[in-house]
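Just below is one structure, and these are the notes that go with it.
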Amino acid sequence: MKEKYTKAYADKLDAVDVLRDFRNEFYLNNECVYMDGNSLGLMSKRAEQSVYGLLASWKEHGIDGWTTGEQPWYYLSESLGDNMAGLVGAKNKEVVVTGSTTVNLHQLVSTFYQPEGKRTKILADTLNFPSDIYALKAQLALQGYDDTHLVQVPSEDGHILDEQTIINAMTEEVALIVLPSVLYRSGQILDMEKLTKAAHERGIKIGFDLCHSVGAIPHQLHDWNVDFAFWCTYKHLNAGPGSVAALYVNEKHFGISPGLAGWFSSDKEKQFDMEHTLMPAEDAGAFQIGTPHVLSAAPLIGALDLFQEAGIEKIREKSLQLTAYMMDLVEYELKEFGFVICNPKNEKQRGGHIYLEHPEAARICKALKWKNVIPDFRKPSGIRLAPVALYNSFADVYDCVQRLKNIMVEKWYEQFSNEREVVS
Ligand SMILES: *Cc1c(COP(=O)(O)O)cnc(C)c1O
């Protein structure tokens, strides 16, 4: 056996991994190989501490916690936005932590979708996450348009989108484009810079859903001139179930009124004047609606610390090594078992997870959980495996593939039904 496929080789890679100490910052179950950080990142000790800190500020200050204490709640959405701006390549005032992914999408589309004359359509794709598509259809309906006004770019193989096909669909009828940065199944990275340039040359505004890229790959939203973006914080950012999401609006749009207004859209100095005419904030803060979900933003304070310490470039470098290593092992160990690697293999297009297809995927995933590997299953036949740079090791990748191989060799998956669970 080539050295490359031994456990000793995995240990060697771990020994020279510059991010290896970050693993100690997280709560890991030693029995278990966690490969689902692209659905729900693990809890870090710092995220836990920041939740306790926030609870203490409530206990101690009562209502004065809005303006006093270590993290005055009134400014928390903006200060967390500042801390996150580097991860997406934005200026500080272009990012605010608020709402949820889907609510932020509604907010941004209701602001930036302004149908006029022949330009009435929204351009999206056929592979995006369903919530985004539901929101876009609902926004069209609010303006009196039916679903034919949503143009969804097809994929030839069901996994990958061709950027030129997307650009060809940017016609004079399109008013707005919303696309994912990284596809949630195949993990394909779309070329945001190229797509933004092409959209703007045709007079179309464009925004991206960064749920599967933030915390995994670097972005340059401001330099690419992207109009808007939005993302969750519970996947690669590890801020916990239901943690508060974020959005970005390019500074050239500052001053525009939010489609969905509320008193937290206000200029913060004027908010408590309690006037009935809204004076929106002069930055991304204008796209907040009501009182921030402070307790659900708290874990982000600690979670983001780790990203600032590690640096997104180093995270991306290790992530690429982990996924390359995983693909090597899958090809070597599993070739006779019918798995197909459906994520892009090249580094430019490969996101933070590996996507395998297999006709028995649902029950293979159940067998993996039974063997203490946490994957996730995507209907009808997809297995996503996300080795996360901050807390997964090369030995984790090795163990994951070995256990998967055992399941196939021993046919352990046959004892489970090939149906998905309620939450998968
Ligand atoms: C995870 C995810 C969502 C989830 O939206 P929520 O409002 O946080 O439930 C939406 N879009 C994409 C692309 C996702 O990956």
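The values are calculated or read from the model by the stated rules, or taken from the named source; none is laboratory data. These figures come from a predicted structure and were not determined experimentally. Note: ideal-geometry Cβ built from the backbone for every residue, glycine included; neighbour counts use all protein chains shown.
Would you call Leu161 modelled with pLDDT of 95 or more, under 22 Å from Met327 (Cβ atoms) and among the aliphatic types (A, V, I, L, M)? Walk me through how you get there before you give the answer.
Values: modelled with pLDDT of 95 or more: yes; under 22 Å from Met327 (Cβ atoms): yes; among the aliphatic types (A, V, I, L, M): yes.
The answer is yes for Leu161.
Let's see how each residue does on (1) of a type in the set (Gly, Ala, Ser); (2) away from the ligand (no atom under 13 Å from the Cβ):
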| site | (1), (2) |
| --- | --- |
| Glu31 | no, yes |
| Gly41 | yes, no |
| Ala47 | yes, yes |
| His61 | no, yes |
| Trp66 | no, yes |
| Gly117 | yes, yes |
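With respect to the stated conditions, Ala303 fails to be over 18 Å from Phe26 (Cα atoms), modelled with pLDDT of 95 or more, part of a helix (DSSP H, G or I) and not assigned by TED's automatic domain parsing to the domain that holds Ala386. The residues of segment 384-400 that are of a type in the set (A, V, I, L, M, F, W, C) and surrounded by fewer than 23 Cβ atoms within 10 Å (Cβ to Cβ) amount to a single one, Ala395. The set of residues in segment 136-165 being within 16 Å of the ligand (Cβ to nearest atom), hydrophobic (A, V, I, L, M, F, W, C) and in a helix (DSSP H, G or I) consists of Leu136, Ala138.
Residue by residue through segment 179-201, note down the ones that are part of a loop (DSSP other than H, G, I, E, B) and closer than 16 Å to Ile341 by Cβ.
Selection gives Leu183, Arg185, Ser186, Gly187.
Only one residue in Glu333, Glu275, Glu357 is over 28 Å from Ala239 (Cα atoms) and surrounded by fewer than 18 Cβ atoms within 10 Å (Cβ to Cβ), so which one is that?
Values: Glu333 fails: surrounded by fewer than 18 Cβ atoms within 10 Å (Cβ to Cβ); Glu357 fails: surrounded by fewer than 18 Cβ atoms within 10 Å (Cβ to Cβ).
The unique qualifying residue is Glu275.
Among all residue pairs at least 6 apart or on different chains, which show Cβ distances below 7 Å where the first residue, located in segment 206-233, is closer than 20 Å to Ile301 by Cα and of a type outside the set (Val, Ile, Thr) and the second is within 14 Å of the ligand (Cβ to nearest atom) and part of a helix (DSSP H, G or I)? Cβ pairs passing all conditions: Cys211/Thr101; Phe230/Thr101; Phe230/Asn104; Phe230/Leu105; Phe230/Leu108; Trp231/Thr101; Cys232/Thr101.
Exactly one residue among Asp132, Asp147, Asp157, Asp125 is within 21 Å of Ile189 (Cβ to Cβ) and surrounded by fewer than 16 Cβ atoms within 10 Å (Cβ to Cβ), and that residue is Asp157.
Rundown of residues vs (1) over 11 Å from Val88 (Cα atoms); (2) outside the structural domain of Lys93 (by TED's automatic domain parsing); (3) within 16 Å of the ligand (Cβ to nearest atom); (4) under 15 Å from the mean Cα position of the chain (by Cα), yes/no style:
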site	(1), (2), (3), (4)
Asp223	no, no, no, no
Thr233	yes, no, yes, yes
Ala239	yes, no, yes, yes
Val249	yes, no, no, no
Gly255	yes, no, no, no
Pro258	yes, no, no, no
Trp263	yes, no, no, no
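Collect the residues in segment 366-394 that are under 25 Å from the mean Cα position of the chain (by Cα) and either without any contact (Cβ under 8 Å) to a residue 12 or more places away in the chain or in a helix (DSSP H, G or I) (or both), keeping them in residue-number order. Within segment 366-394, Lys366, Leu368, Lys369, Phe394 meet the criteria. The listed residues are Ala90, Ala85, and the only one of them that is in a loop (DSSP other than H, G, I, E, B), hydrophobic (A, V, I, L, M, F, W, C) and either in contact (Cβ under 8 Å) with a residue 24 or more places away in the chain or away from the ligand (no atom under 16 Å from the Cβ) (or both) turns out to be Ala90. Scan segment 202-241 for residues that are acidic (Asp, Glu) and part of a loop (DSSP other than H, G, I, E, B) and report the count. Total meeting the criteria: 1.
Residues are listed down the side, and each one gets a yes or a no for (1) surrounded by 15 or more Cβ atoms within 10 Å (Cβ to Cβ); (2) in contact (Cβ under 8 Å) with a residue 60 or more places away in the chain; (3) of a type in the set (Val, Ile, Thr):
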{"residue": "Glu3", "(1), (2), (3)": "no, no, no"}
{"residue": "Val18", "(1), (2), (3)": "no, yes, yes"}
{"residue": "Glu31", "(1), (2), (3)": "no, yes, no"}
{"residue": "Met43", "(1), (2), (3)": "yes, yes, no"}
{"residue": "Gln71", "(1), (2), (3)": "yes, yes, no"}
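When Asn406 is tested against (1) crowded, with 20+ Cβ neighbours inside 10 Å; (2) touching a Phe, Trp or Tyr at 6+ places or on another chain (Cβ under 9 Å); (3) part of a helix (DSSP H, G or I); (4) not charged (D, E, K, R), exactly one condition is not met: (1).
Screening segment 95-135 for residues that are more than 17 Å from Pro258 (Cα to Cα) and part of a helix (DSSP H, G or I) and picking the one that is farthest from the chain's Cα centre (by Cα) gives Tyr134.
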